[in-house]
Amino acid sequence: MDKDKQALRFGVMALACAFLLRLIGCVFLGNWSLFSGPELAGFMIRSETGRVASPITEPTGTPTEPSTEATDPSEPSEPSEPTDPPETSAPTEPSVETTAPVQLPVDKPGFTAEDAQLVRVTYGCKRNPDLEKLLVKKLSWDLTGDNPTILIIHTHGTESYTQTEERQYEEFGGEYRTDDVRYNMISLGEELARLLTEAGLSVIHDRTMHDLSDYNDSYDNSRAAVQEYLRQYPSIKMVLDLHRDAAEYADGTQWATSATVNGERSAQVMLVVGTNATGLNHPNWETNMSIAEKIMVQMERICAGVARPINLRGSRFNHDLAMGAMIAEIGSAGNTHEEAMRAIPVLANAIISLSKGSQ
């Protein structure tokens, strides 16, 4: 009996210590999902460093997308920035309209309180912006003209997609990664830059793969590049960092986003907006969120269902450097390159529609 009592006391003490550690983690990380997240992993979302994010339970029925409670990654000290945020949202499986032709808008688009119904957000930090107020906030900028106004970069340029018979590549740096610019994120940036330029916008496309030499230095590398571009071209108003997402089921298969564009299967687009929740300076994150909301609504107006919920994160992801800075995740590793490319005109048209600002 003495041994049983001793074992019981030890068990109680262990549980108490675990509870205390979780409480400390919640207080210091600002992430109370440690008390609410399920513990059984049916599949796990993997961050782009290979670290495993918070485990989640297997959904009932046939899953279309992993659904997890967002967690805010610990951000290293300046100047390092974290890796891509793990996937957190569950999009609908849409039947979708066709995309509009690429052209400059005649009038500035307007946004109303009712349009806020099109805005969906997953929260990875303790920030709760007024979505309706930010959506209707007037946008005053002009992305046209001779001087560069848009910068497209690739912090994780080697990210690529599921190979097909028509599109084969040699992997570099891991699965679903390649330095072949025909099939990685550089090709998507090239197409986006082409469409924006044809519409009369002035674009710089940085074709550097900032993760090529050392993946862990990718955000430091892209930050330095953005700072240099902004020094040379202070006219830049928008910085778009193109990525692709990654989520893996328990059996090792890759999850793919799904929409329909012009009658063909397409990847979806998720905008990621950083904040100052981890303590690093980023006072204008709500302005970036306002622009992201407008882009999301415009994408939904053009092609309903192509936009995944905006992912609001605690880390900055270098978004503190410019007013219109954000990440655009084009599909996931489970998508094909063709599917990812079909989503680019929708994103391009949304940006073009906002090129003269909004009412």
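The values are calculated or read from the model by the stated rules, or taken from the named source; none is laboratory data. Since we're looking at a predicted model, the values are computed, not measured. Here Cβ is always computed from backbone atoms with ideal geometry, including for glycine, and neighbour counts include all displayed protein chains.
Quick notes
- Every listed requirement among (1) surrounded by 15 or more Cβ atoms within 10 Å (Cβ to Cβ); (2) modelled with pLDDT of 95 or more; (3) not small (Gly, Ala, Ser) is met by Glu81 save one, (2).
- Among the residues of segment 300-325, those that are of a type outside the set (Lys, Arg) and surrounded by 24 or more Cβ atoms within 10 Å (Cβ to Cβ) comprise Cys303, Val306, Ala307, Asn311, Leu312, Gly314, Ser315, Phe317, Asn318, His319, Gly324, Ala325.
- Looking across segment 113-132 at every residue that is of a type in the set (Asp, Glu) and touching a residue at least 12 places away in the same chain (Cβ under 8 Å), the one that is nearest to Met299 (Cα to Cα) is identified as Asp115.
- Pick from segment 206-241, criterion part of a helix (DSSP H, G or I) and over 20 Å from the mean Cα position of the chain (by Cα), ranking: surrounded by the most Cβ atoms within 10 Å (Cβ to Cβ): Tyr229
- Pairs where the first residue, in segment 289-310, is on the phi > 0 side of the Ramachandran plot and the second is assigned to a strand (DSSP E or B) and surrounded by fewer than 24 Cβ atoms within 10 Å (Cβ to Cβ), C-beta under 9 Å, 6+ apart: Gly305/Thr260
- Filter pass, Arg265 being assigned by TED's automatic domain parsing to the domain that holds Lys133, within 25 Å of Phe111 (Cβ to Cβ), modelled with pLDDT of 95 or more and among the basic types (Lys, Arg): no
- Residue that is farthest from Glu286 (Cα to Cα), among those in segment 250-261 that are in contact with an Asp or Glu (Cβ under 9 Å, 6 or more places away or on another chain) and surrounded by fewer than 19 Cβ atoms within 10 Å (Cβ to Cβ): Ala250
- Test result for Pro105, surrounded by 12 or more Cβ atoms within 10 Å (Cβ to Cβ), at pLDDT below 95, within 22 Å of the chain's Cα centre (by Cα) and part of a loop (DSSP other than H, G, I, E, B): no
- Assessment of segment 136-154 against the conditions (assigned to a loop (DSSP other than H, G, I, E, B) and within 18 Å of the chain's Cα centre (by Cα)) yields at least one matching residue.
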